[in-house]
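The structure appears below as structure tokens.
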Amino acid sequence: MLGLVTPDSAKEIEKKTKNQTKTKLWHTERSFRVTASRVGEICKFTAKKDQEKYAQSLICNKKIVSTALEWGKSMETTAIEAYEGKTGKKVERCGLYVSVQYPFIGASPDGLIGDNKILEVKCPYSIKDEMIGSNNYFHLEHDLQLKETSNYYYQIQTQLLVTGRDCCDLFIWTNVDDKIINVKKK
């Protein structure tokens, strides 16, 4: 159950959940919290939506299965290896970070880079065999920066808040292209 989170208990949760989806504790701890991947949709919620149904969707952890999600999960390791090859930087896998200040918030970046950066990987199924651009990937501005209205922007800002880091490399990977977009903490 959700209770007081100390710096030590937060570190312990992160350490014990490094295998993320393969770890029962990762699923359990996430079930008590608003996770970074949901923050954008929560911030954009309007009263026009069915509030009860929406609240239920936040607390009921139904496993969502889709071709796009399965593709993203299956290609994540390949994408991280491509990022490491492209940048020469080592990515350290990490678990679920829980905010000590806001213990109802959790975040699981795809990796840590050095002492001050996180990695978030996206492998979009809809353009898996295409070059990446603002014309086919609606999360990007014309200058190939992440739109501040994108749910991914909210996700990354929440990850930065919870991890205490200052910037993120968003790595977008397809079979034929990749892009690194640096996102700074606001």
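Couple of notes before you dig in:
- For segment 53-73, the set of residues classified as exposed (fewer than 11 other Cβ atoms within 10 Å of the Cβ) and modelled with pLDDT of 75 or more consists of V65, S66, T67, listed by residue number.
- Residues considered: K90, K179. Of these, the only one that is part of a loop (DSSP other than H, G, I, E, B) and over 22 Å from E12 (Cβ atoms) is K90.
- L112 being touching a residue at least 24 places away in the same chain (Cβ under 8 Å) and part of a strand (DSSP E or B): yes
- Among the residues listed as A47, A68, A55, A82, the single one being part of a loop (DSSP other than H, G, I, E, B) and more than 20 Å from T163 (Cβ to Cβ): A47
- Qualifying residue in segment 154-168 (condition: in contact with a helix residue (DSSP H, G or I) (Cβ under 6 Å, 6 or more places away or on another chain), without any contact (Cβ under 8 Å) to a residue 60 or more places away in the chain and assigned to a loop (DSSP other than H, G, I, E, B)): no
- Of everything in segment 115-131 that is of a type in the set (A, V, I, L, M) and outside any loop (DSSP other than H, G, I, E, B), the residue that is farthest from the chain's Cα centre (by Cα) is I127.
- Filtering segment 1-31 to residues that are part of a loop (DSSP other than H, G, I, E, B) and more than 18 Å from T163 (Cα to Cα) leaves M1, L2, G3, T23.
- For segment 26-43, the candidate set comprises residues that are loosely packed, with under 15 Cβ neighbours inside 10 Å and free of Cβ contacts under 8 Å to residues at least 24 places away in the same chain; within that set, the residue that is nearest to S150 (Cα to Cα) is I42.
- Q20 surrounded by 12 or more Cβ atoms within 10 Å (Cβ to Cβ) and at pLDDT below 90: yes
- Filter pass, S134 being assigned to a loop (DSSP other than H, G, I, E, B), surrounded by fewer than 19 Cβ atoms within 10 Å (Cβ to Cβ) and small (G, A, S): yes
- The combined condition, being in contact (Cβ under 8 Å) with a residue 60 or more places away in the chain, buried (at least 19 other Cβ atoms within 10 Å of the Cβ) and farther than 22 Å from R33 by Cβ, is not fulfilled by D178.
The values are calculated or read from the model by the stated rules, or taken from the named source; none is laboratory data. Here the structure is a predicted model, which means the values were calculated and not measured. FYI the Cβ positions are ideal-geometry reconstructions off the backbone, even for glycines, and counts take in every protein chain you see.
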